[in-house]
Amino acid sequence: MVPLTGIVDIVVGTPSYYLCLRKDGTVWGWGDNAWNELGKSTKFKIDYPELIDGIDNVKKIFTAHSACSFAVKNDGTVWGWGDILDDHKTKLEPVHLSQLNDVKKITGNANLVVLKNDGTLWKYEIHSRNIDDLYISKKILENVIDVCANGSYPIAVKEDGSVWLYKDGAFEMIKEFGPISPTPEPTPTLTPTSAPTDTPEPLITLGDVNGDGEVNSIDFAYLKQYLLVMIKEFPAENGLKSADLDGNGSVNSIDYAYLKKYLLGIIDKFPASQATE
């Protein structure tokens, strides 16, 4: 096994595989490989990271659908491999997808959802098995800064901070996450308090949302599922406190980013004020 160093990004694919990007522009992967999602036509499963052949000079990596892998090279071209024809028959090694360009982010479940650098959001539907004429595209939103579409419905965040849900062919703003505006602080109400007890606050480990005593990719996957509303609570009893990595009292995409940086070795501790041992 070759130890990996210089990792700048890592993504998790469905059903169960991992891709990581090194600063030298190479892509490495391990896990399930039933449909060449790791770019290897001769292996069903890979236990340790291996170099993905046929792709280099990469600056971004993504996964979408089931067993579909994508990379954006330094020249802006987009490459895909795995089950990108969505026929569960053809296993492709990295190929150039000429219909995808100016890409900032690729996600999607039933269809590809692509965020472009100009802030427009596009849906790509497969309509042929010709790699040069694979998709029909449609612009579905503007002024977008981020999107996630790994669940049943794409969710987008716009420049004004509002959150939009794509359902039944159209986007609707989620009222609970409208444009960001100052919120007045509530006036505290003084109430009689009972004498303090000696019951200690349970110790938590920041980032360990499943309570197994470690902070790893499993916690990363649970946090992602929580933000996508795929789960409503974490396995650990104090999972919400463990997931609040910046200590602001809520669990959101900022905590997700901190956990990602921690797993990549970019930071060695979280900004939350509560220190854990």
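Nothing in this text is a laboratory measurement; each read-out follows from the coordinates by a stated rule. Quantities reported herein were computed from a predicted structural model and do not represent experimental measurements. We place every Cβ from the backbone using ideal geometry, glycine too, and count neighbours over all the protein chains shown.
Tabulated values for the structure
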| item | result |
| --- | --- |
| Restricting the stretch 22-100 to chymotrypsin sites (Phe, Trp or Tyr not before Pro) in coil, as DSSP defines it, with at most 13 other Cβ within 10 Å | Phe44 |
| Trypsin sites (Lys or Arg not before Pro) restricted to the stretch 2-41 and DSSP loop, no more than 12 other C-beta within 10 Å | Lys23 |
| Low-density loop positions, trypsin sites (Lys or Arg not before Pro), the stretch 242-273 - DSSP coil, at most 12 other Cβ in 10 Å | Lys269 |
| Counted charge near Asn101, where neighbours are those whose Cβ lies closer than 15 Å (Asp, Glu -1; Lys, Arg +1) | +2 |
| Formal net charge of residues neighbouring Gly119 (Cβ-Cβ distance under 10 Å; K, R +1; D, E -1) | 0 |
| Value of relative contact order over the stretch 73-116, rounded to a whole percent, pairs C-alpha under 8 Å and six or more apart | 32 |
| Crossing angle, helix 217-227 versus the chain [Cα axis fit, 0-90 degrees, rounded to tens] | 80 |
| Estimated vicinal HN-Hα couplings, Hz - the stretch 58-72 in sequence order (Karplus 6.51, -1.76, 1.60; Gly, Pro = x) | 9, 10, 9, 10, 8, 10, 7, 6, 10, 6, 10, 10, 9, 9, 10 |
| Cα centroid separation - the stretch 250-274 against the stretch 202-234, whole Å | 12 |
| Average Cα contact separation per residue, the chain, under 8 Å, 6 or more apart, as relative contact order % | 9 |
| Placed amide H near Ile231: partners under 5 Å, 5+ positions off or other chain | Tyr226 |
| Normalised contact order of the stretch 203-271, rounded percent, pairs of Cα under 8 Å and 6 or more residues apart | 32 |
| Theoretical gain in end-to-end length, Met230 to Lys139 [0.36 nm per residue, Cα-Cα removed] | 30.1 nm |
| Cβ-based charge dipole, the chain, positive-most Cα from Gly80, Ile7, Tyr48 | Gly80 |
| Dipole in debye (nearest 20) - the chain, about Cα centre, beta carbon charges: Lys, Arg +1; Asp, Glu -1 | 740 |
| Cα-based helix-to-principal-axis angle, 253-263 vs the chain, degrees rounded to 10 | 70 |
| Relative intensity, log₁₀ I(q)/I(0), of the stretch 80-143 from a Debye sum that treats every alpha carbon as a point, q = 0.28 Å⁻¹ | -1.37 |
| Compactness of the stretch 203-271, expressed as Rg and Dmax over alpha-carbon positions, Å | 10.5, 29 |
| Spatial separation of Cα centroids for the stretch 136-165 and the stretch 57-120, in angstrom | 17 |
| Compactness of the chain, expressed as Rg and Dmax over alpha-carbon positions, Å | 21.0, 73 |
| Radius 10 Å from Cβ of Trp28, net charge of other residues (Lys, Arg +1; Asp, Glu -1) | 0 |
| Gyration tensor verdict on the stretch 26-72 (Cα atoms; rounded if a/c is under 1.5, prolate if a/b is larger than b/c, oblate otherwise) | oblate |
| Check: the stretch 70-157 dipole with +1 on Lys, Arg Cβ and -1 on Asp, Glu Cβ, in debye | 120 |
